[in-house]
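Note sheet for the following structure.
The values are calculated or read from the model by the stated rules, or taken from the named source; none is laboratory data. Please read these numbers as outputs of a predicted model, since none were measured by experiment. Here the Cβ is made from the backbone with ideal geometry for all residues, glycine too, and neighbour counts use every protein chain on show. We work out accessible area using only protein heavy atoms, side chains counted, and drop any ligands, DNA or RNA first. Shrake-Rupley method; radii C 1.70, N 1.55, O 1.52, S 1.80 Å.
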Amino acid sequence: MSARYSGLIERYRDRLPVTPSTRIVSLCEGNTPLIKLENIARKRGRGCEIYVKFEGLNPTGSFKDRGMTMAVTQAVSEGAQAIICASTGNTSASAAAYAARAGIRCFVLIPEGKIALGKLAQAMIQGSVVIQIKGNFDDGMRIVKEMADVAPVTIVNSINPYRLQGQKTAAFEIVDALGRAPDYHCIPVGNAGNISAYWTGFSEYAGVKPATAACAWCDDQCKFERPAVTDSRPVMLGYQAAGSAPFIAGHPIELPETVATAIRIGNPQSWDLAWAAARESGGEFKSMTDEEILKIQRELAEQEGIFCEPASAIALGGALRDIESGRIKEGSVVTCTLTGHGLKDPDTAIKQSAGGVIEIPAESDAVKRAILDHL
Ligand code: F0G
């Protein structure tokens, strides 16, 4: 047998909705590193082990690839010729890539002016039909749902249950890497699919069926009966941007705003599933300001060398705040999902590093001075 890693469906085949004859559409997604923080943990960890699951290292730079390999595999097996999604950017980048791989059409609806440059570039060069609407993600989501009724297109947003099935594998990988479930799992929440998928994965590995299973599929082909791998599940802590925090408000937000454009979502589609994950795990939702989000994004890059996008940084920012307040107990094992790569959004990174470039003449004396000034 070849030792080559060939994607998360192959790795977790026995826990996913595929048959031996399914044509798998994969870009070798998954298998992302679980990195133990050193410098930040030493300063602010209060004895906790803090790990980040760096999902920015997936083929298109975000966790969406986990769901997309499963959703596109399923769509193709059902004979779909086209897929469609609304997106704040990452879903569109991922959908475009997997559609290209499968040789089918991809339509993406993106909010005008509120999508990070890298994500737009990905959707465009990967040959999707990019439709920019004068509205936000929630408008796009509403329209996409209408389109699935009137045109031959399969929705690959996370309301597609196969997306969540693929995404649950991140929880498997965390438990496989640690040899146990973490005590707490911290995660950004936008449309709320990912927190639901993680809870499904952690539950499945613990041999427990969540009260609200994150999948219509498992009602008839339930995999929760498979042997447990671990005996516990983490407390799920979900974080939202303050200007875009329907789970904190307790109702949808009409005009969400945040620098973390990936999670600029006011009407999350997986509302009930996400609440179930928080409640059943003894967790909760909290918010962070844009200022806090950018600060932690920079700290993570400066102090650990890990560059994630703003929406991702919120998971670590929230974890550190909850460690400081005692919400997360001293000495716990804490995992945080870093959902997307920082290179997705170079504009925000450069803007917040203003003054970071030293301009001098091309002379060795000037360079020497610059070095000595900064040692
Ligand atoms: N982090 C990043 C980088 C994201 O792109 C998203 C969602 C989330 C977190 C939130 O995950 O929606 O499952 O709660 N991005 C979607 C998109 C909405 O269109 O790319 P969620």
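Just a few scattered comments:
- Number of positions in region 246-274 that are over 16 Å from Asp322 (Cβ atoms) and within 13 Å of the ligand (Cβ to nearest atom): 18
- Against the list (1) part of a loop (DSSP other than H, G, I, E, B); (2) surrounded by 10 or more Cβ atoms within 10 Å (Cβ to Cβ), the condition Ala362 fails is (2).
So that you can scan it fast, the table gives a plain yes or no per residue for (1) more than 20 Å from Pro188 (Cα to Cα); (2) assigned to a helix (DSSP H, G or I); (3) at pLDDT below 95:
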residue: Gly67; (1), (2), (3): no, yes, no
residue: Ala71; (1), (2), (3): yes, yes, no
residue: Gln74; (1), (2), (3): yes, yes, no
residue: Ala80; (1), (2), (3): yes, no, no
residue: Ile83; (1), (2), (3): yes, no, no
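- Within region 300-344, the set of residues being open to solvent by 10 Å² or more (accessible area, probe 1.4 Å) and of a type in the set (Asp, Glu) comprises Glu302, Glu304, Glu324, Glu330.
- If you go through region 7-21 and keep only what is modelled with pLDDT of 95 or more and open to solvent by less than 40 Å² (accessible area, probe 1.4 Å), you end up with Gly7, Leu8, Ile9, Tyr12.
- If only residues of region 74-88 that are more than 11 Å from Val130 (Cα to Cα) and crowded, with 18+ Cβ neighbours inside 10 Å are counted, the one that is farthest from the ligand (Cβ to nearest atom) is Val76.
- Where a residue in region 54-73 is over 18 Å from Arg13 (Cα atoms) and open to solvent by less than 10 Å² (accessible area, probe 1.4 Å) and its partner, wherever it lies, is within 10 Å of the ligand (Cβ to nearest atom) and among the aromatic types (Phe, Trp, Tyr), with Cβ under 7 Å and at least six apart: Glu55/Phe63
- Taken together, Tyr12, Tyr51 contain a single residue that is more than 22 Å from Ile83 (Cβ to Cβ) and in contact with a strand residue (DSSP E or B) (Cβ under 8 Å, 6 or more places away or on another chain), which is Tyr51.
- Scanning region 128-147 for residues that are in a helix (DSSP H, G or I) and open to solvent by 40 Å² or more (accessible area, probe 1.4 Å) yields Asp139, Arg142, Ile143, Lys145, Glu146, Met147.
- Residue among Arg180, Arg101 that alone is at pLDDT 95 or above, assigned to a helix (DSSP H, G or I) and among the basic types (Lys, Arg): Arg101
- Residues that are within 16 Å of the ligand (Cβ to nearest atom) and without any contact (Cβ under 8 Å) to a residue 60 or more places away in the chain, drawn from region 94-106: Ser94, Ala96, Ala99, Cys106
- Qualifying position, being out of contact with any His (no Cβ under 8 Å at 6 or more places or on another chain) and more than 16 Å from the ligand (Cβ to nearest atom), among Ile125, Ile143: Ile125
- Across region 247-265, the number of residues qualifying as out of contact with any Phe, Trp or Tyr (no Cβ under 6 Å at 6 or more places or on another chain) and either hydroxyl-bearing (Ser, Thr, Tyr) or surrounded by 21 or more Cβ atoms within 10 Å (Cβ to Cβ) (or both) comes to 7.
- Long-range neighbours under 7 Å by Cβ, at least six apart or interchain, first residue away from the ligand (no atom under 16 Å from the Cβ) and of a type in the set (S, T, N, Q) within region 176-205, second open to solvent by 10 Å² or more (accessible area, probe 1.4 Å) and part of a loop (DSSP other than H, G, I, E, B): Ser203/Lys209; Ser203/Arg233
- Of the residues making up region 344-365, at least one is closer than 28 Å to Gly201 by Cα, within 16 Å of the ligand (Cβ to nearest atom), touching a residue at least 40 places away in the same chain (Cβ under 8 Å) and not aromatic (Phe, Trp, Tyr).
- Checked against (1) within 16 Å of the ligand (Cβ to nearest atom); (2) open to solvent by less than 10 Å² (accessible area, probe 1.4 Å), Phe172 meets all criteria but (1).
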